[in-house]
Amino acid sequence: MSDPPCGVVILAVVNMLSFGSCVFPSVKKNPSLCACPVLFSNPPPSPLCDLILNPIAMTTMEVKLWNDKREREMYDNFGELYAIIKAAERLEKAYVRDIISPQEYELECQKLIAHFKTLASTLKDTVPSIERFADTYKMECPAAINRLVVSGVPATVEHRATVAASASTSAAIVAECVQNFITSMDSLKLNMVAVDQVHPLLSDLYASLNKLTILPPDFEGKTKMKEWIARLSKMGAADELTEQQARQLHFDLESSYNSFMAALPNAGT
């Protein structure tokens with residue numbers, strides 16, 4: 001992608017200065033003001049000043065900004081892309097500052113993203129990098145680049161997806177904890193009291209409880225399962241729990257399960 005021809009810049013200046021005295025009313029009174037130090041190194045009168053001060057000459061001289069229809073369409077597309085990026089930047093700032101509602105933001109943002117994707121696809125050969133385009137024209141629109149290029153969805157949709165994913169993950173862990181509680185209690189009812197039978201079940205339960213971040217570190221189920229695992233680790237694999245130990249473990253599991261279920265509504269809020 002190349003910079004626009006110098007003629008584009010010159011004609012823009014000519015048009016701005018020639019639209020009457022409302023823009024630069026002192027130009028006609030003092031022609032030396034036309035000698036812009038940026039465009040011209042020497043202040044003496046130039047053909048540009050003659051054109052500005054002579055409307056007849058302006059109407060008889062044609063200055064082209066492009067060489068053919070294809071080049072004209074390219075610069076038109078550049079202008080559309082520039083406008084979309086700038087609009088997206090303003091929209092992001094308005095949303096962050098709570099100037100517009102989330103509903104209005106989402107609707108307008110989806111429109112801009114759709115227009116951007118369509119135009120970017122059209123200009124993929126001419127503008128392979130949107131970041132480079134923005135840098136070339138000194139746009140300084142980081143929020144728009146992130147929304148249009150990196151994210152591709154409105155912030156409201158992006159945040160809803162994150163919350164939904166988090167909720168889905170938590171629900172899966174809760175289901176895992178419930179399953180491990182029930183399996184451990186059922187195994188004791190079936191008289192599966194050998195250490196190599198009980199220890200893996202309690203380890204799985206303890207691990208699933210630690211995955212659930214909504215539970216505090218001193219949660220009853222975590223504390224009791226940790227104590228039982230430590231006790232079983234000191235026993236042999238073939239050793240079995242006594243009737244009293246099995247009854248106590250079942251009581252601790254049932255008590256921890258009730259505490260776990262009671263904690264879930266608080267986590268939901």
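Cα-based count: Lys pairs in the stretch 178-269 below 18 Å, eight or more positions apart or different chains? So the count works out to 5.
For the stretch 205-262, the calculated P(r), taken from all Cα-Cα distances in 5 Å bins from zero up to the bin holding the longest distance, is 4, 17, 27, 23, 15, 9, 4, 0 percent.
Compute the convex hull volume of the Cα atoms of the stretch 93-243, divide it by the residue count, and report the result per residue in Å³ as a whole number.
Working: hull volume 32.0 nm³, N = 151.
Dividing the Cα hull volume of the stretch 93-243 by its residues yields 212 Å³.
Can you flag which of Lys93/Lys124; Lys93/Lys138; Lys86/Lys138; Lys86/Lys111 are past 20 Å Cα-Cα? Walk me through the intermediate numbers first.
On the way: Lys93/Lys124 27 Å; Lys93/Lys138 18 Å; Lys86/Lys138 11 Å; Lys86/Lys111 14 Å.
Violating the 20 Å Cα-Cα cut-off are Lys93/Lys124.
Put Met225, Met235 in order of accessible area, largest first, 1.4 Å probe: what do you get? Don't jump to the answer; show the numbers that get you there.
Working: Met225 0, Met235 55 Å².
Listed by decreasing accessible area, they come as Met235, Met225.
Each residue of the stretch 250-262 was assigned a 3J(HN,Hα) from its phi angle through the Karplus expression (A = 6.51, B = -1.76, C = 1.60, θ = phi - 60°), giving 5, 4, 5, 5, 5, 5, 5, 5, 5, 5, 5, 5, 5 Hz with x at Gly and Pro.
In what sequence, largest accessible area first, do His199, His159 appear using a 1.4 Å probe?
Values: His199 55, His159 105 Å².
The ranking, largest first, comes out as His159, His199.
The values are calculated or read from the model by the stated rules, or taken from the named source; none is laboratory data. Here the structure is a predicted model, which means the values were calculated and not measured. Just the protein is used for accessible areas: all its heavy atoms, side chains included, with ligands, DNA and RNA removed. Shrake-Rupley method; radii C 1.70, N 1.55, O 1.52, S 1.80 Å.
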